[in-house]
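For reference, the structure discussed in these notes is given below.
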Amino acid sequence: MNINIKIKAVIDSITQFFREVKVELKKISWPLRNETIASTSIVIIIVLIIGIFLGIVDIGLSRIIKIILS
C-alpha cells in the first residue's frame, strides 16, 4: 500500500510541474520573425569578425614564434 501512495505522489508532483510549465510558457513574449532574423544576422556577423580577427592574430603569432625559434 505504501508504495502505491508514493507512486501516486510522484505522479501528482510531475503533473503539477507540467501544469506550472504550461502557465509559465503562456507568459513568454516570443520575438517576431523579423526580430529573430535581425538578431541572428548580427550574431553571425560578429562571429565572422571575431573569427577573422583571431585567425589573423594566430597567423601573426605563428610567424613570430617561427622567427624566434629559427
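Values in this text are rule-based calculations from the coordinates and carry no lab data. Predicted model only: the values in this text are computed from it and were never measured.
Here are the numbers for the structure shown:
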{"read-out": "Per-selection metrics, the chain (Cα): Rg and Dmax in Å", "value": "27.0, 80"}
{"read-out": "Lysines with Cα under 24 Å of residue 6, excluding same-chain neighbours fewer than 8 positions away", "value": "none"}
{"read-out": "Note, ³J(HN,Hα) from phi for region 31-45, Karplus 6.51, -1.76, 1.60, rounded to Hz, x at Gly and Pro", "value": "x, 6, 4, 5, 5, 5, 5, 5, 5, 5, 4, 4, 4, 4, 4"}
